1. Somewhere in the range A:56-63, is a residue part of a loop (DSSP other than H, G, I, E, B) and away from every other protein chain (no Cβ under 14 Å)?
2. Of all residues in the range B:95-105, how many are open to solvent by 30 Å² or more (accessible area, probe 1.4 Å) and closer than 19 Å to B:Gln123 by Cα?
3. Quick check on B:Asp221: is it within 7 Å of chain A (Cβ to nearest Cβ), farther than 23 Å from A:Val258 by Cβ, without any contact (Cβ under 8 Å) to a residue 60 or more places away in the chain and not in a loop (DSSP other than H, G, I, E, B)?
4. I'm checking my understanding of the structure. Among residues of the range A:37-55 that are assigned to a strand (DSSP E or B) and in contact with a His (Cβ under 9 Å, 6 or more places away or on another chain), which one is least open to solvent (accessible area, probe 1.4 Å)?
5. List the helices (runs of 4 or more DSSP H) inside the range B:236-343, counting only whole elements, that have at least 1 residues being at the interface with chain A (Cβ under 10 Å from one of its Cβ atoms).
6. For the range B:56-94, give me each residue that is under 20 Å from the mean Cα position of the chain (by Cα), farther than 17 Å from B:Leu333 by Cα and open to solvent by 40 Å² or more (accessible area, probe 1.4 Å).
7. Please verify whether A:Ile308 is open to solvent by 10 Å² or more (accessible area, probe 1.4 Å) and modelled with pLDDT under 95, treating the condition exactly as stated.
Protein chains: 2
Amino acid sequence: MGSISEQTVSNKQVTLKEYANEGCPKESNLLVSTSLIKLKVPEGTDGVLIKNLYLSCDPYIRVLLQEEREPGHPFAPFELGSVINGLGVGKVVGSGHPQLKIGDFVWGMNGWEEYTLIPTPTQSLVKIHHSDLPLSYHAGILGMTGMTAYVGLYEIGAPKKGDYVFVSAASGATGHLVGQLSKLAGCYMVGSAGSKEKVDLLKSKFGFDEAFNYNEEKDLDAAFKRYFPEGIDIYFDNVAGKMLDAVLLNMKYQGRVVMCGVTSHYTSSKIDCGIFNSNQVILKSIRMQGYVVSDYYHLLPKYLEMVIPNIKQGKIVYAEDIADGLESAPAALVGLYKGRNVGKQVIKIANE
Amino acid sequence: MGSISEQTVSNKQVTLKEYANEGCPKESNLLVSTSLIKLKVPEGTDGVLIKNLYLSCDPYIRVLLQEEREPGHPFAPFELGSVINGLGVGKVVGSGHPQLKIGDFVWGMNGWEEYTLIPTPTQSLVKIHHSDLPLSYHAGILGMTGMTAYVGLYEIGAPKKGDYVFVSAASGATGHLVGQLSKLAGCYMVGSAGSKEKVDLLKSKFGFDEAFNYNEEKDLDAAFKRYFPEGIDIYFDNVAGKMLDAVLLNMKYQGRVVMCGVTSHYTSSKIDCGIFNSNQVILKSIRMQGYVVSDYYHLLPKYLEMVIPNIKQGKIVYAEDIADGLESAPAALVGLYKGRNVGKQVIKIANE
């Protein structure tokens with residue numbers, strides 16, 4: 001009889017059935033099916049076998065579901081029939097790696113499936129150190145999502161006390177954290193979202209000074225003049241397109257635009273609107289800067305040291321939107337682009 | 001008989017006759033006329049009276065000739081009938097200021113006229129220290145234009161040896177200096193210009209590695225793929241619009257876009273094309289940054305120390321395009337937007 005690490009078991013998976021080249025991805029672009037996996041790390045390798053517990057459902061996945069791409073795009077699309085790759089939290093159930101042992105919890109890049117074999121874990125996995133907080137938090141606020149908000153706001157945006165900060169997609173995974181981190185930094189904080197319910201939550205639960213429903217603003221420029229009569233110091237941009245264009249007209253001198261996301265680009269093959277106000281960048285000495293959060297992972301310990309006590313003391317409220325089971329993954333992903341989630345969309349795969 | 005400082009003399013001036021709201025400014029937007037000026041600084045003030053010698057003819061003046069402007073524009077237009085303000089070089093012929101005496105040469109903000117009374121010279125004038133180089137150079141390479149190239153390239157662009165650098169409007173006042181400063185920094189340098197003659201000059205006289213005529217490139221993206229098969233580290237942008245949009249597709253990871261000018265915006269009331277590739281800024285961690293050169297004037301001594309020996313040793317070739325007399329000013333200004341000048345357009349007003 002072999003040990004558990006030599007068993008062959010069924011492995012439910014979410015694979016790419018059809019590329020989503022036009023418009024919003026549909027559930028039918030993905031397929032939930034079952035294959036077999038040998039619960040064994042190949043002899044002589046330092047691979048690890050992960051039992052996946054929580055998946056992080058992220059807007060950027062849209063880009064990888066699209067086969068067509070402009071020249072110079074740095075990321076290749078998923079292959080048809082392949083398992084969707086993404087971030088998640090899992091438990092080590094087999095290991096040839098000296099620093100990861102069976103029973104350890106990790107977060108990082110894995111697959112949308114029950115078990116994933118990771119051949120070179122040092123590139124992609126972070127070992128989780130116990131913190132009393134739910135394990136699922138490492139698929140969000142204590143992982144890539146939290147770092148995205150932290151790095152974008154603090155490293156790129158460089159907030160000063162009293163700065164006027166605006167974030168779009170403010171009730172989303174990154175947005176609701178950006179708002180709270182800005183308040184901790186002593187900034188005046190306004191967010192935009194796509195429904196009255198979300199706007200209410202921003203003000204009542206997440207501590208935003210003001211919030212508005214962009215669907216109710218026919219003239220975005222007028223909205224910014226109303227909410228920021230003195231102008232905007234930092235714009236944390238999750239949507240790009242016409243929102244960014246209107247913000248540029250309302251930036252203050254030496255303002256910073258944190259280029260984080262392009263939601264307006266995710267639901268159609270073309271961005272909703274070009275940027276016509278780029279001359280504002282010159283006139284006002286504006287800095288617009290993109291970043292890839294993994295370039296800043298060396299700051300993770302510093303971030304966790306700051307954020308964990310703030311969560312425990314209730315100074316940062318983290319909203320999770322947890323879907324249950326791999327079967328729910330396609331709908332959860334599509335929901336991101338329909339604005340269905342509040343806070344971080346996570347998919348629970350298995351009990352710890 | 002009064003001394004020279006109490007004489008009343010005729011003062012030829014260029015004034016705004018009509019706003020240039022649509023398209024390229026025309027000579028008829030400006031009027032050359034003559035008024036009278038008392039060659040005397042008002043008693044008890046620290047004003048100075050300048051005899052203007054050279055005027056700097058700069059593309060940004062377009063913005064001030066336009067009455068209509070988008071909300072949030074930081075600069076007010078010229079008033080109808082007022083003297084055109086701009087940068088220039090002059091000689092002090094009257095002074096109530098302790099640091100400026102009669103006979104001193106200065107550069108800074110003055111008027112398009114023979115004599116200008118400047119009430120608060122500390123805000124706007126820089127005293128010229130003798131350098132053996134022509135006085136007119138302080139209306140260009142040794143003044144604002146040179147600092148624009150230097151600050152944009154070195155402070156914002158941060159070139160490293162071996163970087164691939166592209167500059168648009170490369171044969172213009174700023175562009176031809178950016179190219180030569182990039183070569184001094186050990187970069188590979190490509191420029192674009194609007195005629196075969198200019199392209200030839202870039203390669204034969206200004207030391208560019210490559211140059212192309214943008215009018216002959218139907219597909220700008222393909223042109224960049226040809227000239228920069230490895231991508232672009234620094235784009236020094238003098239034109240914005242569709243050139244910038246195509247460059248974004250060809251930037252390297254962590255590339256920098258120095259946002260300096262918007263020529264495409266100067267000759268029409270709307271920019272020629274929006275930026276649709278802003279997602280590249282995120283995917284490639286690009287920094288796009290505007291600047292106002294006067295924020296960096298504390299670096300002027302450092303810049304002069306570097307650039308003057310390079311000019312004297314022939315390592316930097318400075319091209320001046322000198323028009324003679326105030327009467328030539330309207331045509332010289334319009335010529336900027338027609339691409340008539342090579343290098344720095346200067347207007348000579350009087351002999352030293």
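The values are calculated or read from the model by the stated rules, or taken from the named source; none is laboratory data. Here the structure is a predicted model, which is why all the values come from computation and not from measurement. All Cβ positions, even for glycine, are placed from backbone atoms using ideal geometry, and neighbour counts span all protein chains on display. Areas reflect the complete protein model, heavy atoms only, side chains present, ligands, DNA and RNA absent. Shrake-Rupley method; radii C 1.70, N 1.55, O 1.52, S 1.80 Å.
1. Checking the range A:56-63: at least one residue is part of a loop (DSSP other than H, G, I, E, B) and away from every other protein chain (no Cβ under 14 Å).
2. Looking only at that region, the number is 7.
3. The answer is yes for B:Asp221.
4. This residue is A:Val48.
5. Output list reads B:241-248, B:263-266, B:279-283.
6. Answer for the range B:56-94, where residues must be under 20 Å from the mean Cα position of the chain (by Cα), farther than 17 Å from B:Leu333 by Cα and open to solvent by 40 Å² or more (accessible area, probe 1.4 Å): B:Pro74, B:Phe75, B:Ala76.
7. Values: open to solvent by 10 Å² or more (accessible area, probe 1.4 Å): yes; modelled with pLDDT under 95: no.
Criteria not met by A:Ile308.
Okay, residues lined up against (1) within 14 Å of another protein chain (Cβ to nearest Cβ); (2) in contact with a helix residue (DSSP H, G or I) (Cβ under 6 Å, 6 or more places away or on another chain):
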residue: B:Ala170; (1), (2): no, yes
residue: B:Leu184; (1), (2): no, no
residue: B:Phe228; (1), (2): yes, no
residue: B:Ile232; (1), (2): yes, no
